[in-house]
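Here is the structure we will look at.
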Amino acid sequence: SEGHKVLIFSSFVKMLHVFRERFEKKNIKFSYLDGSTRMSDRKHVVENFQENPDIRAFLISLKAGGLGLNLTEADYVFIVDPWWNPAAEMQAIDRTHRIGQEKNIFVYKAITKDSIEEKILELQESKMELVKNVIAVDDGLFKKLCKEDIERLFV
């Protein structure tokens, strides 16, 4: 009602179908893209979201939202279910941070307590912390790595 546009990312196409069915029942206009969307149709789907003020939501598969998608009309991003690899989520969120973006972007992750998603989030955080520590070599960090740190690289 306030004129915002949202991206709703899911790692699972079946979850996108749940949203799609709900949106259709409520007559909410939306764009949709998953791995089955033909390459020749993707440009039209994106342009429709970007240019049509009546389309406020874009349902998009986390892994299908790859190369060259500029979704600068969106200012809200929802990650419905996290993927184990935080880089995939960051790439999805980056779709809104392109040249021409003038809005503040708000990102939300839907995490249910005691769920597999919560465990995935914990895994992401531990891997991100490890990456930050490994990249920061200026303190002689490699000398400080213990056996457990190295084992975590392969878990």
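The values are calculated or read from the model by the stated rules, or taken from the named source; none is laboratory data. Being a predicted model, the structure only gives us computed values, none of them experimental. In this analysis, Cβ positions are derived from the backbone assuming ideal geometry, glycine residues included, and neighbour counts consider all displayed protein chains. Calculation scope for accessible area: heavy atoms of the full protein, side chains included, ligands and nucleic acids excluded. Shrake-Rupley method; radii C 1.70, N 1.55, O 1.52, S 1.80 Å.
Based on the alpha-carbon gyration tensor of region 14-76 and its eigenvalue square roots a ≥ b ≥ c, which shape applies: rounded if a/c is under 1.5, prolate if not and a/b is larger than b/c, or oblate?
Details: a/c = 1.70, a/b = 1.17, b/c = 1.46.
The shape class here is oblate.
Given axes a ≥ b ≥ c from the Cα gyration tensor, I'd like to know whether region 1-118 is rounded (a/c under 1.5), prolate (a/b larger than b/c) or oblate. Don't jump to the answer; show the numbers that get you there.
Working: a/c = 1.32, a/b = 1.21, b/c = 1.09.
Rounded, because the longest to shortest axis ratio a/c is under 1.5.
I'd like the carbon and sulfur percentage of the solvent accessible area for region 12-64, probe radius 1.4 Å, heavy atoms only, ligands and nucleic acids excluded.
On the way: 1840 of 3510 Å².
Percent of accessible area from carbon and sulfur atoms in region 12-64: 53.
Between ALA57 and residues 5 or more places away or on another chain, which pairs have amide H atoms under 5 Å apart, with H built 1.01 Å from N, and which residues are they?
Here the answer is VAL6, SER31, since their amide H atoms fall under 5 Å of that of ALA57.
List the residues whose amide H sits under 5 Å from the amide H of LYS109, counting only those 5 or more places along or on another chain, with H placed 1.01 Å from N in the peptide plane.
ILE79
HN-Hα J couplings of region 43-59 from phi, Karplus 6.51/-1.76/1.60, θ = phi - 60°, integer Hz, Gly and Pro as x?
Along region 43-59, the couplings run 4, 4, 4, 5, 4, 4, 5, 5, 9, 8, x, 7, 9, 9, 10, 10, 8 Hz.
How much length would be gained if the chain were fully extended between GLU47 and SER1, taking 0.36 nm per residue of separation minus their Cα-Cα distance, in nm to one decimal?
Values: separation 46, 0.36 × 46 = 16.56 nm, distance 2.15 nm.
Here the answer is 14.4 nm.
For PRO86, what charge total do you get from the other residues with a beta carbon under 9 Å from its beta carbon, if Lys and Arg give +1 and Asp and Glu give -1?
Values: positive: LYS127; negative: GLU89, GLU125.
Neighbourhood net charge equals -1.
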